[in-house]
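Novice: Below are the structure tokens for one structure; questions will follow.
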């Protein structure tokens, strides 16, 4: 059942989970979006699933879950939380009654030529975004219900095939992940705004009703604030992770023409990244985003393990994955050291101050070819987890995921699975003309997958 935006399904009266705590003001939501902006800009929460039977370029700045080899086994490095498990040949152990009920309706193959659907995702405020080749879905918890927005989607390289060439596609998916990340974060903030209006209407009588009637204006204002904050946060992220390391290495007396400069630059960049992730992870609201991040990993792991897309099965999966955006960032830092050393080894201007400023500016467009190279390395690593080198490339990112994911609860899995199931449902209808829809549902089980 599809309803217009900003309207709840009047028939929804049941909830499997208690009402979740919400942010108290638009300012707090903008701050949360601002803190997540540099992560999205770095591709930290985006995912791209890939199987050995077909390439998956879902969101490039990557993040997903286990790699499925030709025998159907799922090989995952790292250990998860208490509910994590390794999956072999698509079996996770005895299936309970709920899982058995869902088995019949779960399409193991979306397309005959693929064993695993091409799906990636990202955690947002109180929700999860999922994206496939032709579908873009965002599911967010709103008090006692789940709001799902699904839109048709196509990558740029469907019109321009040359953009899919190796070392070109990484820059494309980086740009697309930024656009999609902003869209998903903006929608999730708007859903939170509406949840607050609903709570105010229920708790404040006529005053709450008056606030609800101004919802459209409030939502528009939220969109403007979030948009401005996101742009500023990306500028802040570039300054923090590109400009500051360069200036710090220069301040140490190192010359940009030497390899030692770029080694120190990369080391400072990694230290700043770890400190930033650890610091924002202390905030309860960001910690919940990281829980949704883990839930998103587990949901895609369930899909790749060929298991029913239900909470009971998702609990068993790992919250860690070798192609998470954290792995991508680590590879980006290593690649940037080499690329910057090769391209910035000459002094361009007589003034050292102006020369360093010019090179900081040049580093920004260089991030696209660097992303392209890092993307190819990570694609190879994700498809070769059975080799020691593939696992070695993914290992640092798996460790970093202890900062960017948290042990999940059923409420997080519920939302992540709803988003994933909606994306799969839409993907099976590729070629059928459809418009953007917004639905209000009780749980992931209300979303068909076939």
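Novice: Gap in Å between the Cα centre of segment 406-450 and the Cα centre of segment 135-177?
Specialist: Between the Cα centres of segment 135-177 and segment 406-450 lies a distance of 15 Å.
Novice: Still on this model: Measure off 7 Å from each Cα along the Cα-to-Cβ vector at residue 156 and residue 224, then give the distance between these two points in nanometres to one decimal.
Specialist: Result: 3.0 nm between the two label points.
Novice: Once you have the Cα-Cα distance between residue 434 and residue 232, take 0.36 nm times their residue separation minus that, and quote the gain in nm to one decimal. Intermediate results must be reported in sequence, preceding the final value.
Specialist: On the way: separation 202, 0.36 × 202 = 72.72 nm, distance 3.42 nm.
Gain on stretching residue 434 to residue 232: 69.3 nm.
Novice: Something else now. How far is it, in nm, from the label point at residue 272 to the one at residue 354 when both lie 7 Å from their Cα along the line to the Cβ?
Specialist: 2.5 nm
Novice: Can you tell me the order of 139-146, 177-184 when each peptide is scored by its average per-residue count of other Cβ atoms within 10 angstrom, highest first?
Specialist: Details: 139-146: 25.2, 177-184: 21.9.
The most tightly packed comes first, giving 139-146, 177-184.
Novice: By count of other Cβ within 10 Å, fewest leading, how are 375, 276, 292 ordered?
Specialist: Values: 375 29, 276 18, 292 32.
So the ranking, lowest neighbour count to highest, is 276, 375, 292.
Each reported figure results from applying straightforward, stated rules to the coordinates on display, with no laboratory input. On a predicted model such as this, the values are computed, not experimentally measured, just so you know. Every residue, glycine as well, gets a Cβ built from its backbone with ideal geometry; the counts of neighbours run over all protein chains shown.
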